[in-house]
1. Considering only residues that are farther than 21 Å from I237 by Cβ and either charged (D, E, K, R) or without any contact (Cβ under 8 Å) to a residue 60 or more places away in the chain (or both), which ones fall in region 268-291?
2. Going residue by residue through region 197-214, is there one that turns out to be among the acidic types (D, E) and open to solvent by less than 20 Å² (accessible area, probe 1.4 Å)?
3. Looking at region 279-291, which of its residues are in a helix (DSSP H, G or I), open to solvent by 30 Å² or more (accessible area, probe 1.4 Å) and not charged (D, E, K, R)?
4. What pairs come up if the first residue lies in region 101-129 and is more than 27 Å from E61 (Cα to Cα) and of a type in the set (S, T, N, Q), the second is open to solvent by 30 Å² or more (accessible area, probe 1.4 Å) and in a helix (DSSP H, G or I), and their beta carbons are under 6 Å apart, counting only those six or more places apart or on different chains?
5. Looking at I174, I123, can you tell me which residue is under 20 Å from I279 (Cα atoms) and surrounded by fewer than 24 Cβ atoms within 10 Å (Cβ to Cβ)?
6. Of all residues in region 242-259, which are touching a helix residue (DSSP H, G or I) at 6+ places or on another chain (Cβ under 6 Å), open to solvent by less than 60 Å² (accessible area, probe 1.4 Å), part of a helix (DSSP H, G or I) and of a type outside the set (S, T, N, Q)?
7. For region 177-191, give me each residue that is surrounded by fewer than 21 Cβ atoms within 10 Å (Cβ to Cβ) and touching a residue at least 60 places away in the same chain (Cβ under 8 Å).
8. Scan I174, I265, I207 and give me the residue that is touching a Lys or Arg at 6+ places or on another chain (Cβ under 6 Å) and in a helix (DSSP H, G or I).
Amino acid sequence: MPKIFLYAKIARAQTLLMTISLILCSFLYAKYNYKSNFNFAFMYVALCILFFHVAANAISEYRDCIKGVDNKHSPGTKYRLITGLVPYKNIYYLGIISFSSASIVGIISLFIGPILLIIPGLIAAGIVFFYSENPLGLKYKALGELCVFLGYGPLLFSSCILSLTNHLYLCDLIFSVPFGLLTTCVLLANNIRDYEFEQGKTVTLTIKYGLRFSYFLLFFMVNLSFLFIPFLVFQDIIPFYSFWVFLVYPLIFFSIKKIGKPEFINIFGILQVSFTLIICISFFLEILLKS
């Protein structure tokens, strides 16, 4: 396998689809509600988000291996990194280069977009860098889920919507909540899977509060995400077609059957992407019909 693909797998490039779908959803949301058009500020913000995504995952993988959280026996581990096929320092450099690239394009977006972008931008930068990096290492203090919710919910959507519309309302932040919750579910499902292997090595939400609480929180967040849909539809924040997301709701019941199995985490990744893309399709159809 070419080295570039090894680095991509270690940095979890496959999860970029989740981030790209959220960026697309924010664009279509702004188009539907504010009739905004694509601009260069949004392009730079989107690039910034993608670079932050790679940076957070690469630095996190590096720190997990250095701290001994991951080893060759851990589920879902990046074996090639642990066995030395890809040097630790190289994946760390990838994280730092990605973080620097995100910072550069983020600064450019401030010059061509609204200056208020600096607020979500600085918060996001802090979360990305200190998610696993010293001295905070937020993910090792049971704060990983909170970081993911903020990063892939309010911060991502507020940055994209600000760059497209030059303003931000409370309804925009409310709209971001179900997407932040579903993305957080992917991390929580991952931590539930790794519960036995990470005991004594780190402190995740699951390790701190136990499996029973984690399962309750996981299914509470998933169901709450779907309960947002009727509210958002009746407030005319999203189109009526958005009710189609309930077509993927049965995946929740399927996930129950996969508890304790490797497929458990994948179901929540599929659920997040499916949920987001169906909302995107509903926006697109409504925009198309109104044009």
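The values are calculated or read from the model by the stated rules, or taken from the named source; none is laboratory data. What you see is a predicted model; the values in this text were computed from it and never measured. Cβ coordinates were reconstructed from backbone atoms using ideal geometry, including for glycine residues, and neighbour counts include every protein chain displayed. Surface accessibility is based on the protein's heavy atoms, side chains included, excluding ligands, DNA and RNA. Shrake-Rupley method; radii C 1.70, N 1.55, O 1.52, S 1.80 Å.
1. Scanning region 268-291 gives a single hit, I270.
2. At the first step, the residues of region 197-214 found to be among the acidic types (D, E) are 198.
In the following step, the residues that additionally are open to solvent by less than 20 Å² (accessible area, probe 1.4 Å) were identified as 198.
Yes, some residue in region 197-214 is among the acidic types (D, E) and open to solvent by less than 20 Å² (accessible area, probe 1.4 Å).
3. Step one: of region 279-291, the residues in a helix (DSSP H, G or I) are 279-290.
Now drop any that are not open to solvent by 30 Å² or more (accessible area, probe 1.4 Å), which leaves 281, 284-290.
Hits for region 279-291 are I281, F284, L285, I287, L288, L289.
4. Listed by first residue and then by second, the contacts come to S109/Y44.
5. Values: I123 fails: under 20 Å from I279 (Cα atoms).
Of the residues listed, the single one that is under 20 Å from I279 (Cα atoms) and surrounded by fewer than 24 Cβ atoms within 10 Å (Cβ to Cβ) is I174.
6. Of everything in region 242-259, those that are touching a helix residue (DSSP H, G or I) at 6+ places or on another chain (Cβ under 6 Å), open to solvent by less than 60 Å² (accessible area, probe 1.4 Å), part of a helix (DSSP H, G or I) and of a type outside the set (S, T, N, Q) turn out to be V245, L251, I252.
7. N190
8. On the way: I174 fails: touching a Lys or Arg at 6+ places or on another chain (Cβ under 6 Å); I207 fails: touching a Lys or Arg at 6+ places or on another chain (Cβ under 6 Å).
The match here is I265.
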